[in-house]
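One structure below.
What follows is calculated from the coordinates using simple rules that are stated; it is not laboratory data. All figures in this text were calculated on a predicted structure; none of them were measured in a lab. Every residue, glycine among them, receives a Cβ derived from its backbone with ideal geometry; neighbour counts consider all protein chains shown.
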Amino acid sequence: MELAAELLGARFKNPVLLAAGTCGFGEEIQGVVDLGLLGGLVTKSVTLEPRRGNPAPRVTEFRAGMLNSVGLANPGARAVLAEKLPWIRDHLDGLPVLVSVAGHRVEEYWEVVETLEPGPGFVGFELNLSCPNDARRNGLPFALDPDALLRVVSGARERTRRPLLVKLAPNTADWGPVVHAAEEAGASALTLVNTLPGLLLDPRNRRPLLGAGAGGVSGPALRALGVYAVWTVARMTRLPILGVGGISSGEDAAEYLLAGASLVQIGTASFWDPRAPARVVDELRRFGISQGVHRVSELVGAALPPPEPEMSDPAGTRDGMGASGGDSGVIHG
Ligand code: SIN
């Protein structure tokens, strides 16, 4: 089965990427994960200034998944421009890389995009508007506020010609307003979903298990929410969707594709087993062959009800074969 996908002006050799926050900037996992087998990666979220992150413990496990509150620890935009992006250019040999961007303020997203825009080695930006661990914003991510989202994405759009992905949150009853704000602001694609806010306590000492208190739930518990989000949003937009949340097998990945995702991202499974992403690629190929599928794009959206006439997709954006993110599909570096 042909696994390659053309999307956002880049060629992904297969639709399986590593999710933001799970692979640093590539360098950190080199030698542990065979990046050459993967479709691409999304970097750790980059803020304007370096961040040390939250107090330990930052990660804990439970039966249905993982809870984290890392606190967006990262070296800051200037160090990423000077050190991380050149390393990516020199070592990742054309692997499509998306740089995740985070911030406390609307303007911080713009400043990070502006700082990194001249850098080499990456295809586009994924705006992380949905981190549940950003205490200084009182737990209300930009992704749940359509007006704030519109401002962040519009300002970022003015500062880059590269594809702009918008990463949304799972905890909403209505994605419509934020999806339409992202479209209006010039987003090239959506990533669904980030972690879900959660809390685990140690019943003996009556304290939260994580140093920061609450955190974000990922892993198997998130899969049904993520697939639902993709399946729901895919029917309200023509933007390509990257699906993430609880994928640990080829059939999990296929589920997201069938729900309307063009690419998928793997997070928690790669913490538990660094070989999981490559195994997912292999299992997806085998699954497709067992189903008589010739190209992975045949799976994309195949579980969705037939589109309304006005939602038809003449440009072929969703299967990735015609998409370039509009005029934002430029590849730099
Ligand atoms: C973190 O660094 O706390 C997690 C980031 C995220 O979930 O977006």
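Some observations on this one:
- For region 51-63, backbone phi angles converted through the Karplus equation (6.51, -1.76, 1.60; θ = phi - 60°) give residue-by-residue couplings of 10, 7, x, 7, x, 6, x, 9, 9, 9, 10, 9, 4 Hz, Gly and Pro being listed as x.
- Volume per residue that the Cα convex hull of region 197-297 spans, once the total is divided by residue count, Å³: 120
- Shape descriptor for region 5-320: Rg over Rh equals 0.94 (Cα atoms; Rh from the Kirkwood inverse mean 1/r).
- Within the shell of other residues whose beta carbon sits under 11 angstrom from the beta carbon of residue 78, the net charge comes to -2, with Lys and Arg scored +1 and Asp and Glu -1.
- Sorting the segments 219-230, 172-183, 201-212 by their mean number of nearby beta carbons within 10 angstrom, highest to lowest, gives 219-230, 172-183, 201-212.
- Aspartates and glutamates whose Cα lies under 12 Å from that of residue 13, excluding same-chain neighbours fewer than 8 positions away: 2
- Total charge dipole magnitude, region 5-320, about the Cα centre, Cβ charges on Lys, Arg, Asp, Glu only, Debye to nearest 20: 700
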